[in-house]
Structure formats: structure tokens, C-alpha cells
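Every read-out reported here was derived from the displayed coordinates using simple, explicitly stated rules and does not represent laboratory data. Keep in mind the model is a prediction, meaning the values are calculated, not measured. Neighbour counts run over all protein chains shown; Cβ positions are idealised from the backbone, glycine included.
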Amino acid sequence: MARPKITVVGAGNVGATVAQYAVERELGDVVLVDVVEGLPQGKALDLLQAGPVHRYDCRLVGSNGYDETAGSDIVVITAGLARKPGMTRDDLLFKNAEIVASVVDQVAPRSPQAILILVTNPLDAMVQLAWRKSGFPPERVIGMAGVLDSARFRTFIARELDVSVENVTAFVLGGHGDTMVPLPRYSTVAGIPITELLPPDRIEALVQRTRDGGAEIVGLLKTGSAYYAPGAATVEMVEAILKDKKKILPCAAYLSGQYGVRGLYVGVPVKLGRRGVEQVIEIRLTPEEQAAFQRSAAAVRELVDKLKL
Ligand code: TXD
């Protein structure tokens, strides 16, 4: 059996980190693509040369074109502009829509069986666009945001309670952005809901920090946005798919009536396996949570409407 082939479009901070974590876990061979001449080639060669030391045996190539991507199992799309301080995710909408559309036009015909994982912001709208442009079935076009948002929430919960991050699980629903909906009731420490462990005001503070998690890092870095945790979150999805793990992860997935939403990509728990999104998991929400989810979906719908999708 041939090794899995993973294409990563956009060899910037997130793309290069995805490539690095993917080969370090020996998930497959990697093709890095970028418009900047020499950048994907240079990073691919550099990562290839780390192989003997880190003991991974993967092929990596970089390219400014798409022929090398043919027959990919997974295509991760990170191409686009990153947020600058003070810039909202939505400011990026039109520029990144143009970039993502051109990328999908190139990759979809060359890898007609691939699963697309979108990373470019504004995430939920970019997934919807990629789904439309590719003509792929919705279960093979997925967005990465919830895994990152929940990793941030887990980090803050673990620090607050001074426990191992390994004991903490957390769920975040909704769009990636200011309207995301962290669910404390379903966030646990060794199985105990955090609502049993922390007073409401502390939970609210952690929720708010999670919601602002991306902006906090943009504010510190000044010249770019987060990439280690986004890279790790993306690779968790790649691994769940390639190893057919049937892992439940929060992802931007196409809803066809679940949670009362139809025809829209929004962040929900899904089962990820070799066929992509194998199931959308519906969990019971309180009326307040359902209302927050609806607000989040409405914010995504607004962007999608702006793009006339
Ligand atoms: O949770 C999430 N989904 C996110 C999203 C978490 C972190 C970052 N998020 C978004 O991913 C971010 O707002 C951006 O829209 C993307 C990529 O972020 P990154 O930090 O990697 O940005 P870089 O370092 O600027 O890299 C982008 C690369 C850069 O090398 C460009 O030359 C390239 O994209 N680029 C292209 N490559 C191929 N084809 C085209 N057309 C193209 N245009 C730009």
C-alpha cells in the first residue's frame, strides 16, 4: 500500500508547523505548496533534513505549482493572510476568499478523492466556499477551529485547577470567532464537570479568555497569529482521518438540519474517520446554549451571504 500523501497549501507559519508535526508522527509524505518562490522548497528540504535526527522517514517536497499534489489523501489549506493586530477575522473575508477559491480550483481536480481540511480564516465561511468550489461531498470538506479552541479552553482549565492537561477535556461549539460557544457542562476534569469544581465567575473568565485566545496571541506576537497550537490541532484531525480513528472532535462540519441549522458549516462535535466526517454528534443543549449556538450560526451565515455562497 502506498504511503498516505498529505498536501499542505500555504507554507507559512501554520502550514510549515502542520508539515512538521505530520512528519514527526510519520503520518505520510508531505507536499508543501506556496506562491512565494523558494519558500515551500526551502522549508520542505529543511524538514527533510531533520528526519535523520528525529527519526522520521517521510518524503517532503515543496512546490510553487500543483502537479506534485496529484492523488493526495488529505489537502490542508492554510493559504491566506493572517490577522494583524486590530484586524478582525472578518476583515480577511474577501481577500482570503479569493485565495482559497483559487487554491481549491487547483487541488480538487488533481486529488478528486481527497479530504480537504480548511484552516484559513474566517474559517467557517472558507469551508463553505471550499465545499461549493470543490464539488466534493460535504463529509470530505472540514474546517479546523474547534480542536484549537477546545485545546485553549483545556489549557486554561488545567492551569486554573493546577491539574494535568491530560485530565481535562472540553467542548467548544459554534463558529470560530467572537461567537464561539464553550460548553462548561461538557468540560471535565477526570470526568468531573468543571461546573462542580469552579464558581461561575471563574468559569466565565476562562470562557472569555478562550474566546479571545487568538487575539491574545496576536497582541503578543504583533507580526502574526498563533501557529503551534493551530498546527497541532490540524494534525490531530489529519491523524484521526488517516488512521480511521473514529475520533470525536469539534470541527466545522456541514449541517443539514442538526442543531436546527440547515445548509451551513458550523463547529459541532463530529466523528472523524477515513471517510471524513462520518457522523455529526448531536448533544442536548440548554435553551441558553441553543440560543448562543443559533447566534453563532447566524454570524457565520452573514459572512457566507456576503460571499454569495
Ligand atoms: O483556528 C484556525 N482556523 C486558525 C486560522 C488558526 C490560526 C491561523 N488561522 C488562519 O490560517 C490565519 O488567519 C490565516 O488565514 C491562515 C494562515 O495563517 P499563518 O499564520 O500560517 O499565515 P502566514 O504565515 O502568513 O502563511 C500564509 C501563507 C504565506 O506563506 C503565503 O505566501 C501563502 O499563505 N499564500 C498562498 N499560498 C498558496 N496560494 C496562494 N494563492 C497563496 N496566497 C498566500
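Considering only the stretch 227-255, how many residues are of a type outside the set (V, I, T), free of Cβ contacts under 8 Å to residues at least 60 places away in the same chain and assigned to a strand (DSSP E or B)?
Count: 2.
Tell me, please, whether a residue that is among the hydrophobic types (A, V, I, L, M, F, W, C) and within 16 Å of the ligand (Cβ to nearest atom) can be found in the stretch 186-203. Write out each step before concluding.
Start the filter on the stretch 186-203 by keeping residues that are among the hydrophobic types (A, V, I, L, M, F, W, C), which leaves 189-190, 192, 194, 197-198, 203.
Imposing the further condition that a residue be within 16 Å of the ligand (Cβ to nearest atom) reduces the set to none.
No: the stretch 186-203 contains no residue that is among the hydrophobic types (A, V, I, L, M, F, W, C) and within 16 Å of the ligand (Cβ to nearest atom).
Any residue at all in the stretch 57-72 that is within 9 Å of the ligand (Cβ to nearest atom), within 20 Å of the chain's Cα centre (by Cα) and part of a loop (DSSP other than H, G, I, E, B)?
Filtering the stretch 57-72 for residues within 9 Å of the ligand (Cβ to nearest atom) gives 64.
If we keep only those that are within 20 Å of the chain's Cα centre (by Cα) too, we end up with none.
Looking through the stretch 57-72, none of the residues is within 9 Å of the ligand (Cβ to nearest atom), within 20 Å of the chain's Cα centre (by Cα) and part of a loop (DSSP other than H, G, I, E, B).
In the stretch 98-140, how many residues are within 13 Å of the ligand (Cβ to nearest atom), farther than 25 Å from D67 by Cβ and either part of a helix (DSSP H, G or I) or of a type in the set (G, A, S) (or both)?
Looking only at that region, the number is 4.
All but one of (1) more than 20 Å from F136 (Cα to Cα); (2) surrounded by 13 or more Cβ atoms within 10 Å (Cβ to Cβ) hold for D305, so report the exception by its number.
Tallying (1) more than 20 Å from F136 (Cα to Cα); (2) surrounded by 13 or more Cβ atoms within 10 Å (Cβ to Cβ), D305 fails exactly one: (2).
Quick test for you: out of L27, L45, pick the one residue that is surrounded by fewer than 18 Cβ atoms within 10 Å (Cβ to Cβ) and either within 19 Å of the chain's Cα centre (by Cα) or farther than 28 Å from V218 by Cβ (or both). Step through it out loud before you land on a result.
Details: L27 fails: surrounded by fewer than 18 Cβ atoms within 10 Å (Cβ to Cβ).
Matching residue, one of L27, L45: L45.
Report whether or not G51 is over 26 Å from L255 (Cβ atoms) and part of a loop (DSSP other than H, G, I, E, B).
Numbers: over 26 Å from L255 (Cβ atoms): yes; part of a loop (DSSP other than H, G, I, E, B): no.
The answer is no for G51.
Being away from the ligand (no atom under 12 Å from the Cβ) and in a strand (DSSP E or B) is the filter here; which residues of the stretch 1-30 pass it?
Taking the stretch 1-30 first, the residues away from the ligand (no atom under 12 Å from the Cβ) are 1-6, 20-30.
Correct list: K5, I6, D29, V30.
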